[in-house]
Each structure stands twice: as C-alpha cells, then as structure tokens.
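Written below as structure tokens is the structure these notes are about.
The values are calculated or read from the model by the stated rules, or taken from the named source; none is laboratory data. Note that this is a predicted model, so its numbers are computed, not measured. Backbone-built Cβ (ideal geometry, glycine too); neighbour counts: all protein chains shown.
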Amino acid sequence: MGMEGWFIKGKFILILIVFAVLCMPAFGMKANDWVEKGNALFYQSRYDGAIKAYDKAIGINPRLAGAWNNKGLALEIWAITMRLSKPLTRQSRSIHG
C-alpha cells in the first residue's frame, strides 16, 4: 500500500473515532440523565423538548415513575399554553384586519 493509501485509511479511521466520540453521550445516557435533561428543558419552558427527553427516559426504563410524572406535567402545561395562544391569535387577526 502506497503513502496515499495509508493517508486515506488514516483519514477514515480518524473520522470513525470522531464520530464515535460525538455519539457516545447520546448512547451512554441513562434514564435518569434523560429525566434531568427533560427537567432542564421544562424549566426553560421548552415543553416539546422536555417531553421528548422524558420519552427517551421511559424508553430506557418504563418503570421510572418520575419520568412519567414529569411527562404528564409537561404535556398538561404544553396543552394549556397551546389553548391560550390560539384565542390570542384569532383576536389579533380580527383587530388587525
């Protein structure tokens, strides 16, 4: 194998290593890690992201009561905010024409 072949092989291996390092946090997260991530998103009022994080926690450990509880709360608050935003949208349209 010539010098160019070794260079290409080395470049390919380097890309695989970088990919593995970047993917490790997602693959290595435990259910409680996902709950904590969901909680952080919840407190930022990012309910859709929180719900997805709780879903991942539930996928890892379906018996994790905190994930189910927090998901239910996030869904409820998300639904309330969606209901409240619709009348405001309709009202603003009727006012502005």
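Of everything in region 31-68, what is part of a helix (DSSP H, G or I), among the small types (G, A, S) and surrounded by fewer than 14 Cβ atoms within 10 Å (Cβ to Cβ)? Give them in sequence order.
Selection gives A40, G59, A65.
For a quick check of your reading of the model, give me the residue pairs whose first member lies in region 28-46 and is under 16 Å from L75 (Cβ atoms) and at pLDDT 95 or above, whose second is in a helix (DSSP H, G or I) and of a type in the set (S, T, Y), with beta-carbon atoms closer than 6 Å and at least 6 apart or on different chains.
Going by the 6 Å Cβ cut-off, the qualifying pairs are G38/Y54.
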